[in-house]
Amino acid sequence: MISAVRWLPRGAAKSNPERFEMSPAELAMLKKANELNTETQEELKADRMQELNARDEMSDSDSESNDNDNAEEDDEFMKSLKLEKYDDEDEHSILTGASELSIAGTNMEVRDDGTDQYLELPEVNDDDSEDDEDIVIKATDNICLVGRTDDEQSTLEVYVYEDDDCTLYVHHDFPLPAFPLALEYIGSGSTQAEDNQRHNFVAVGTFQPQIEIWNLDVMDVLEPNFVCGGRDDPNPETVAKFKKYKKKKKKIPKKMKEAALLGEFKEDSHTDAVMCLGWHNAHPERLVSGSADHTVKTWDWSQGRCTSTLTPHGDKIQSLAIHPTEASMVLTGSYDRTVGMLDLRNQGQNMVKFQVDSDVEKVVWNPNSQQHCLVSCESGSLHCFDVRKADKPVFTIQAHEKAASCLAFNRHVPNLLATGSLDHTVKLWDLSDGSAKCVLSKNLDIGAIFSLDFNDPQSPFLIAAGGSKGHVAVFDTLLNRGMRQNYKQYIKKNTDHYDLDTELTKMSLDDDDDNASSDDQQ
């Protein structure tokens, strides 16, 4: 499953990422941490087995029928594995527009040199130019960050997409502690910054209560550079008390058990999943987070220190967005069916609130009309609000049949909005006349859409999307005739490198897709 995608500014990544090497002391620490984690997992597993055994004792009279049912389930499970086809080759690709792009259908990939990326890589020989070329990131490469979860294993993957031959592949990745919910790029503010001033980080929010900050220019690293919030190591006194309760078979309070197995929460930490993140280069030291614990927090991320905590809603904070120019103004969207506009300078006092028809999925500011914000909801509806008038929306439309899970404004083509939905479609909307007109609808064949993002100024019509099937789709929207007609002035202005005639000669247009743009006009 792909739960989050995010393009990086082109040229932000180092051309030659460093390789991290662990010292003996760090290896020993990692081994100890793994042992402690194994003990915790065994403890939790034992508790689960006790629950299951208790259920079995209550249903002894039905044990024979249950055994038969379990045997049938086991047979069905073994059939579902299709072991007889285990060695068959399984390659997956999809058509996005008119170009066929390779899609990473699994995070277990074999490199060109025949090695598995999850095994220890051979030592890099400085004289081996071929190995060097595999690592080098060109200034013209498009870099996309992807949050993936497969078989309970979560990773942050760094993809490279090459325009010339439309190839998409994983360059390197990072292990994550839990299902990724939010990715927020933290850059140096300028891709031309001096080496001692530049940084290329990403903040990651997961189902865990901490925020991890990873350096994207370092490969083979196992731990984040910075952590905001989370838990301390278990306190020996709490562990001893927990074991004493357990030995005497007393009922163990839930908080005590969590503290003994996982550790106490750090001071000012979130206490539940971190669902959304925001960063603005006007305040490069500040990171904003929203959580399922109903709070919005600001952090000095390089110090891992919480600087303020607000509770603007009565339910989970699903989404937030920082104003494009007023970095202290923050939109928040919640499961309480409201959207709030906070001013961080006055600790969110006199917050403006907007009511919507269902749980909020995503909030964004319109970068071309900065008094307007867009809100997508679980019902599939799309709302536009003028923040100066909280009484009613500027417009409301039914954008999708199911939850409109993601929104993204094109930052370089005015009033072009993309929406993604659990109905498997991505739609593009023109907001130039004060309403929303659908100019393109596309099923990307990646299942329910959970996240999407527009690329940088060099390729502003390129969209990356991730979905429930575990594939990443890169969709070149200019391969649609309606898009080329509607935005031809921006094609010339922003995509000088894009030789449209050559591209269309190389790739056959999908007539059905061209017709879709007119059929979907609203």
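When residues of segment 134-159 are filtered for being at positive phi and surrounded by 22 or more Cβ atoms within 10 Å (Cβ to Cβ), how many remain?
Step one: list which residues in segment 134-159 are at positive phi, which gives 151-152.
Adding the requirement that they be surrounded by 22 or more Cβ atoms within 10 Å (Cβ to Cβ) leaves none.
Going through segment 134-159 one residue at a time, the tally reaches 0.
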Exercise. Search segment 449-461 for residues that are buried (at least 24 other Cβ atoms within 10 Å of the Cβ) and pair each with any residue that is aliphatic (A, V, I, L, M) and not in a strand (DSSP E or B) when their beta-carbon atoms are under 6 Å apart and the residues are at least 6 apart or on different chains.
Key: PHE461/LEU478
Self-check item: Among the candidates SER328, SER334, SER291, residue that is of a type outside the set (D, E, K, R) and touching a helix residue (DSSP H, G or I) at 6+ places or on another chain (Cβ under 7 Å)
Solution: SER328
Quiz item: Do we find a residue being modelled with pLDDT under 95, closer than 17 Å to VAL218 by Cβ, in a loop (DSSP other than H, G, I, E, B) and in contact with a strand residue (DSSP E or B) (Cβ under 9 Å, 6 or more places away or on another chain) anywhere in segment 164-184?
Solution: no
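Results for (1) farther than 19 Å from LYS427 by Cα; (2) within 23 Å of the chain's Cα centre (by Cα); (3) surrounded by fewer than 16 Cβ atoms within 10 Å (Cβ to Cβ), shown as yes or no for each residue.
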residue	(1), (2), (3)
THR332	yes, yes, no
LEU344	yes, no, no
GLY348	yes, no, no
LYS362	no, yes, no
HIS372	yes, no, no
CYS377	no, yes, no
LEU382	no, yes, no
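Could you please find all residues in segment 134-163 being part of a loop (DSSP other than H, G, I, E, B) and over 19 Å from ALA13 (Cα atoms)? Give the derivation first.
Within segment 134-163, the first condition is being part of a loop (DSSP other than H, G, I, E, B), and the residues that meet it are 136-141, 151-152, 163.
If the condition is that a residue be part of a loop (DSSP other than H, G, I, E, B) and over 19 Å from ALA13 (Cα atoms), then ASP151, GLU152 are the ones that fit.
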Quiz item: When you scan segment 148-163, how many residues do you find that are out of contact with any strand residue (DSSP E or B) (no Cβ under 6 Å at 6 or more places or on another chain) and within 17 Å of PHE450 (Cα to Cα)?
Solution: 2
Quiz item: Out of (1) surrounded by 19 or more Cβ atoms within 10 Å (Cβ to Cβ); (2) more than 19 Å from GLY482 (Cα to Cα), the odd one out for LYS427 is which?
Solution: (2)
Quiz item: Taking segment 350-360, which residues are within 23 Å of the chain's Cα centre (by Cα) and surrounded by 22 or more Cβ atoms within 10 Å (Cβ to Cβ)?
Solution: VAL360
Quiz item: So, in segment 164-188, of the ones that are within 18 Å of PRO9 (Cα to Cα) and β-branched (Val, Ile, Thr), which residue ends up surrounded by the most Cβ atoms within 10 Å (Cβ to Cβ)?
Solution: ILE186
Quiz prompt | Filter pass, PRO175 being in contact with a Lys or Arg (Cβ under 8 Å, 6 or more places away or on another chain) and not β-branched (Val, Ile, Thr) | solution = no
Quiz item: Across segment 337-391, what is the number of residues that are without any contact (Cβ under 8 Å) to a residue 40 or more places away in the chain, among the aliphatic types (A, V, I, L, M) and assigned to a loop (DSSP other than H, G, I, E, B)?
Solution: 3
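The values are calculated or read from the model by the stated rules, or taken from the named source; none is laboratory data. All values derive from a computational prediction rather than experimental measurement. So basically every Cβ, Gly included, is an ideal-geometry build from the backbone, and we count neighbours across all protein chains shown.
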